[in-house]
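Please treat every number below as a calculation from the coordinates, not as lab data. As the structure is a computational prediction, the values presented were derived from the model and not from experiment. Ideal geometry is used to build each Cβ from the backbone, glycine not excepted, and the neighbour counts take in all protein chains shown.
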Amino acid sequence: MSPRADTSLESQWEMVVGLEVHVQLRTRSKAFCACSAEYGAHPNVNTCPVCLALPGALPVLNGRAVALATRAALALNCTVHPVSVFARKNYFYPDLPKGYQISQFDRPLATAGFVDIGHRAEGSPIRVGVTRVHMEEDAGKSVHDRYEGATAIDLNRAGVPLIEIVSEPDMRSADEAGAYLRVVKQILEYLEVSDVSMEEGSLRVDANVSARRRGETTLGTKTEVKNMNSFSGVERALAVEFARQVGVLSAGGVVRQQTMLWDGAAGEVRPSRTKEGSHDYRYFPEPDLPPLVLELEWIDQMRHDLPELPSARRARFVSEYALGAYDVDVLTASPRIAEYYESVARTHGDAKVAANWVMGEVLAQLRATGGDVATFRVRPRDLAQLLDLVRDGIVSHTAAKQVFATMVVTGEQPAQIAERDGLVKVDDDAQLAAWLDDVMSELPTETARWRSGEKKLQGVLIGAVMKKSNGRADPRKLGQLLAARLVS
Amino acid sequence: MAVTIDDVRHIAALARLGLTDERAASLVNEMNSILGHMDVLSKADTSGVQEAIGVGAGGLPVRDDGGQPIPLARSLDAFAPALKDGFFIVPRLSTHETPGES
Amino acid sequence: MSAPGERAPLDTGRAAAIRAATAAGATSAETTVKQALSRAREVKAGRDGLNIFVSLDGEYLKEHAATAAQQLTDTEPGLLLGVPVAIKDNIATLHHPTTCGSRILAGYVSPYAATVVSKLCDAGAVPFGKTNMDEFAMGSSTENSAYGPTRNPVAPDRVPGGSSGGSAAAVAAGIVSVALGSETGGSVRQPASFCGIVGVKPTYGRVSRFGLVAFASSLDHVGVFGAQVDDAARGLRAIAGHDPLDSTSTSIPVGEYHLAHARPVKGMVVGRPREYFPDSLDPAVRARCDAAFEHMRELGMQVRDVSLPHTALAIPVYYIVAPAEASSNLARFDGARYGLRVAGAGLTGMYEATRSQGFGAEVTRRIMLGTYVLSAGYYDAYYRKAQRVRTLIADDFSRVFQSGVDVLFTPTTPTPAFALGAISDPYEMYLSDIFTVTANLAGIPAMSQPIGRVGGLPIGGQLMAAHFEEMKMFSVAYALERALGAGASS
């Protein structure tokens, strides 16, 4: 079934979405033991008695994980509770070594937050409630396709710290779900609490989706959709599952509460084969961990120490640098880009020029090479110096792009490159006249037509001089020289 | 709240305990007999009483991120029933007959 | 080494004597270990006899003792220098297997050692074999072991109590003077009572549980057996203290328990909780307790009648909370990473075959009970309710101790050791913990010491104190032991 099989039917129905986002916290060690939390080691290398669940081993909580979880909860506008309780979620699975996951249940770290994700078509703001943020540990990895008839278990990931961010069912379309995810991801990036990479599994999304007739206020029966591995996958899966539900409901059927798995390659959702009702997690307070008590002063300090968040930074870029909404969105998309831009703008002074260069040359370069701004060889100070050279008429705009191309490779200072490569702007009349003479003799037809009044050919002649001069000729001066020759 | 044979079957499935019919039937009686002694609790007045959690402890200590993992004096193959290329090997779950990862 | 029942001079027990002799060069750890091994043979501690040990590698121990002794010559002698200490089989050790008396862990050798074992070694002790126990510490008679029942050295047709029956028997048989046990509802004190020795359960959090295979985490404690109060005091002093690997362990300073004998007890208030002296109590047991109270009065202590009104609810609370936690703690025994694996149909079949064949009847029963009381629809009525009543039980103790009572004194068990096979009804067996479970539920320190014999069998008296008041408890225990003298074992 295609997502847009029957738009007339879908227009009578409304999608209701709530999302559960699991985020791996950026710690060196696991949540409850000192094993490395690093990704990509050989199977079961990063394991110890605790995360192997050997008899007699006990968990000890990673304080850094608490700090990162608290920071995330505060940035999501949650109330962080002075007392929260770890609980055991009991179920058997071979990649869950203890037979229970240490999580939080009825007393989570934080509750009652919200995220603003934009505006609806009619202009009303979209605020998505954050029901709760709680801490838990990850399971290991089960590999089902490596050995015939067997499952291979790697516990390197078992015990890595996660937070689960549970939203209210406040989203009304796949687009809104996508917007929520992008906003949350951006906030977490700004906080530096996680790598937030769906590809590497450090951000995972499950969706609860239901359909109801427009105008209804009660919720329909929801299904849980799992197994999406990108934000666009979430959007597509939601559209497909919504269409499926609408198909069932409009044919007079009932939606069954079940877990659906997204198959991105086939573009389909299908019911998970897990038996429904077989989950009874038997949560109870984890007796190996006393309640987590956070001092109010500490929570306040954490709030005070929060970095500038994306929405605040956007507002500031608008007011401080007089940039348009589109430019601000591009420049604040990632905290590193925003910091890079701001450094260029402050050093150089002309925020608009800095924005054009960062959004143009810098982002194009990073996109082309897949590079990261943190390791980009053109440092903000050097880019600002290059922009200074253009502003001061020392290099032309065209030459500046050549200088930039060299900076990307060598990381050298722009003035040094311009000097060495002969890219400093030439405004010496004799030299400019000599180049002009050469061009006029090389392009007699164009020259004749220009002399006869075809003004637009001035550009061709100037362009040829620019090329001959390696971009060094001062185009403004050239224009004056040409004008003088017409008169004479 | 008498325990039935269906309850016993359900609980045994949750706890991954394989029970013979005979043992299951006997557990119905054993559990009912033991739980019968627990009914006295329902008469205790616990209004306004906190549940006992974190007995005798003063809050949850946390450790610094990093440090040395507790070393293993023996490698995994000293105790693992089945180990291959570093992986623990278990029979495949029936819901995962099709290849994939979770 | 002396025979069971024969006692070294008071206040300084056998462990102290071994330590002094080892430090003076009059004996060596190796010699002491050889004596202990020879004593084990003499009392028929093996599988066909008292069945005290699940594993005991004599050759390894002799070798290890020699090395340990060498290492310890140039330092301040440890509190247990050269003293062999038997270890319950649910405490992780690097050489001997750690089976928890279960088939599911047959042959499993832990790749790491429990904190208490490392601490014993730091104190100069020689960990001495692994002792038999009720499977996963679930039982009160050591009859629930996959490796057969242990017999009581005092009366071999009787049970030694449980679940730490092997450790209690190792001390009672005179093989070792100190042994480690574990307690969830009385599994050290009850066998201490049945075997005529001393058994201590410290405050929850006083001793690290890291490496103690969990039964019910909020109730589990490592405990110590001693031939005499001093042996137990030294043993506890050696293993107590904060452990960063156990989040429930405390950094409150550890007392010098073995010096508590020098503390005066005159003027202290001993409470006599009426709920522990019901009309139905065996008059002979009551008489031994009355005699103990009389001694305490003579020592200048004041005996005060007190009430702990929620005591009758302790067994029901215990048999909800403990199985609930156990059902979760024992989920890790799934045949995937270690221990027994029995093939079955697919993964679920393997789980079910492994667990049903790996666990014995009592463990299966408690996992079923625990899973049931935590399951959807029953949690509030059972688990949540039990945890609330548990608070009431703990509050009873707090109230009494805050009213100026220093220690409580009660019988440890309602009866002396019963015959092997005498109790088959699970709940009747559970009732043998009736006087001991309360201390586990409240997390307070408690100990049992011999107060005489009933029908020719030893019976213990129990001291309980407020959280972290082990020093008070030991000072009274030393004084009472001294006052009872030979009366403690006759």
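If both residues of a DSSP beta bridge must be in chain A, then about 95% of such bridges are antiparallel. Treating each Cα of the protein assembly as shown as an identical point scatterer and summing with the Debye formula, the log10 of I(q)/I(0) at q = 0.09 Å⁻¹ comes to -1.03. When restricted to Cα atoms, chain A yields an Rg and a Dmax of 29.9, 100 Å, respectively. Each Lys and Arg adds +1 at its Cβ and each Asp and Glu adds -1 at its Cβ; summed about the Cα centre, the protein assembly as shown shows a dipole of about 320 debye.
In whole Å, what three semi-axes, largest first, describe the equivalent ellipsoid of region B:33-82 built from its Cα gyration tensor (square root of 5 times each eigenvalue)? Provide the component values of the computation, followed by the final result.
Working: eigenvalues 362, 119, 9 Å².
Largest first, region B:33-82 gives 43, 24, 7 Å.
To the nearest 0.05, what FRET efficiency results for B:SER42 and A:ARG346 with a Förster distance of 60 Å applied to their C-beta separation?
On the way: r = 70 Å, r/R0 = 1.17.
That gives a FRET efficiency of 0.30.
Cross-link pairs exceeding 23 Å between alpha carbons, from the set B:LYS84/C:LYS88; A:LYS401/A:LYS468; A:LYS185/A:LYS226; A:LYS30/A:LYS141; A:LYS425/A:LYS455; C:LYS119/C:LYS201: B:LYS84/C:LYS88; A:LYS425/A:LYS455. Each peptide in C:46-55, C:101-110 receives the mean, over its residues, of other Cβ atoms within 10 Å, and ordering these scores from highest gives C:101-110, C:46-55. In this simple spin-label approximation, A:ALA483 and A:ASP145 carry label points 7 Å from Cα along the Cα→Cβ vector, and these lie 6.9 nm apart. Length gained on full extension, C:ASP57 to C:ARG297: 81.6 nm, using 0.36 nm per residue less the C-alpha separation. In chain B, a dipole from Cβ-located charges (positive for Lys and Arg, negative for Asp and Glu) runs towards its positive end, and of B:ALA73, B:LEU14, B:ALA2 it is B:ALA73 whose Cα lies farthest in that direction. For the pair A:ARG120 and A:ALA265, the difference between a 0.36 nm per residue extended length and the Cα-Cα distance amounts to 49.1 nm.
Compute the Cα gyration tensor for chain B, then decide on rounded, prolate or oblate, letting a ≥ b ≥ c be the square roots of its eigenvalues: rounded whenever a/c is under 1.5, prolate when a/b is larger than b/c in the other cases, and oblate in all that remain. Show your work: numbers first, answer last.
On the way: a/c = 2.66, a/b = 1.25, b/c = 2.12.
Verdict is oblate for chain B.
Assuming R0 = 45 Å, can you tell me the calculated FRET efficiency for the pair C:ARG399 and A:TRP298, based on Cβ-Cβ distance, to the nearest 0.05?
Values: r = 34 Å, r/R0 = 0.75.
Working from the Cβ atoms, E equals 0.85.
Among C:TYR257, A:TYR283, A:TYR326, the ranking by other beta carbons within 10 Å of each residue's beta carbon, starting with the fewest, stands as A:TYR326, A:TYR283, C:TYR257. According to the Kirkwood relation over distinct C-alpha pairs, the hydrodynamic radius of region A:201-292 is 15.1 Å.
Close amide H pairs (under 5 Å, H built 1.01 Å from N) link A:VAL130 with A:GLY113, A:PHE114, A:VAL115, A:GLU168, residues at least 5 positions away or on another chain. Rounded, prolate or oblate, given the Cα gyration tensor of region C:221-308, with a/c below 1.5 counting as rounded? In terms of gyration-tensor shape, prolate.
Please give me the summed charge of the neighbours of A:THR131: other residues whose Cβ is under 11 Å from its Cβ, Lys and Arg +1, Asp and Glu -1. In short, -3. Projected label points at B:ASN32 and A:VAL409, each 7 Å from Cα along the beta carbon direction, are separated by 8.8 nanometres.
Projecting label points 7 angstrom from Cα along Cα→Cβ for A:GLU308 and B:ILE5 puts them 7.2 nm apart.
How big is the dipole moment of chain C about its Cα centre under a simple scheme where the beta carbon of each Lys and Arg is +1, that of each Asp and Glu is -1, and everything else is neutral? Debye, nearest 20, please. Provide the component values of the computation, followed by the final result.
Working: 43 positive and 44 negative charges, 14 e Å.
Computed charge dipole of chain C: roughly 60 debye.
Once C-alpha pairs closer than 8 Å and six or more residues apart are averaged by separation and normalised to the residue number of region A:119-261, the relative contact order reads 17 percent. Separation of region A:97-140 and region A:331-356, taken as the distance between their Cα centroids, equals 32 angstrom. Between amide H atoms placed 1.01 Å from N, distances below 5 Å from C:GLY223 occur with C:GLY181, C:SER182, C:GLU183, all of them 5 or more places distant or on a separate chain.
For region A:226-273, what is the Kirkwood hydrodynamic radius in Å, using each pair of distinct C-alpha atoms? Before the final figure, lay out each step's value.
Working: mean 1/r = 0.0903 Å⁻¹.
Hydrodynamic radius (Kirkwood, Cα only) of region A:226-273 equals 11.1 Å.
Contact order, relative form, for region C:232-302: 30 percent (alpha carbon pairs under 8 Å, 6 or more residues apart, mean separation divided by residue count). The phi torsions of region A:66-80, fed into the Karplus equation with coefficients 6.51, -1.76 and 1.60 and a -60° offset, translate into couplings of 5, 5, 5, 5, 5, 4, 4, 4, 5, 5, 8, 6, 7, 8, 8 Hz, rounded to whole numbers, with Gly and Pro shown as x. Here the Karplus curve 6.51 cos²θ - 1.76 cosθ + 1.60, taken at θ = phi - 60°, turns the phi angles of region C:402-414 into couplings of 5, 7, x, 7, 8, 9, 10, 10, 8, x, 6, 9, x Hz, with x standing for Gly and Pro. Using all pairs of distinct alpha-carbon atoms, the Kirkwood hydrodynamic radius of region C:316-470 works out to 18.3 angstrom. Between A:ARG127 and A:ALA364, the C-beta separation translates, for a Förster distance of 51 Å, into a calculated FRET efficiency of about 0.90.
Within a Cβ distance under 13 Å of B:ILE5, other residues only, what is the Lys/Arg minus Asp/Glu net charge?
Details: positive: B:ARG9, B:ARG23; negative: B:ASP6, B:ASP7, B:ASP21, B:GLU22, B:GLU30.
Taking every other residue near B:ILE5 into account, the sum is -3.
The residue among C:MET296, A:VAL390, A:GLN301 whose Cα reaches farthest toward the positive pole of the charge dipole of the protein assembly as shown, with charges on the beta-carbon of Lys, Arg, Asp and Glu, is C:MET296.
Please report, in debye to the nearest 20, how large the charge dipole of region A:233-302 is about its Cα centre when each Lys and Arg carries +1 at its beta carbon and each Asp and Glu carries -1 there. The partial results should precede the final answer.
Working: 7 positive and 11 negative charges, 157 e Å.
Magnitude of the dipole: close to 760 debye.
Residue order for C:LEU37, A:LEU289, fewest other beta carbons within 10 angstrom first, comes to C:LEU37, A:LEU289. Between the helical axis of B:21-36 and the dominant principal axis of chain B, each derived from Cα atoms, what acute angle in degrees is found, rounded to the nearest 10? Approximately 60 degrees, to the nearest ten. Taking every DSSP helix (H) stretch of at least 4 residues in the protein assembly as shown, weighting each as -39,500 (n - 2.57) and dividing the sum by the residue count yields a mean residue ellipticity at 222 nm of -11000 deg cm²/dmol.
Shape class for region C:209-259: oblate, because the ratio a/c of the largest to smallest gyration tensor axis (alpha-carbon atoms, square roots of eigenvalues) is 1.5 or more and b/c is at least a/b. Across region A:145-151, coupling constants 3J(HN,Hα) worked out from phi with the 6.51/-1.76/1.60 Karplus curve, θ = phi - 60°, read 10, 8, 10, 4, x, 10, 10 Hz, and Gly and Pro carry x.
Along the positive direction of the dipole of region A:375-469 (beta-carbon charges: Lys, Arg +1; Asp, Glu -1; about the Cα centre), which of A:MET466, A:VAL408, A:ALA418 reaches farthest? Going by the charge dipole, the pick is A:VAL408.
Separation of region A:168-217 from region C:238-287 is 56 Å, based on Cα centroids.
Remark: relative contact order (chain B) = 15 percent; criterion is Cα-Cα distance under 8 angstrom and separation of 6 or more residues.
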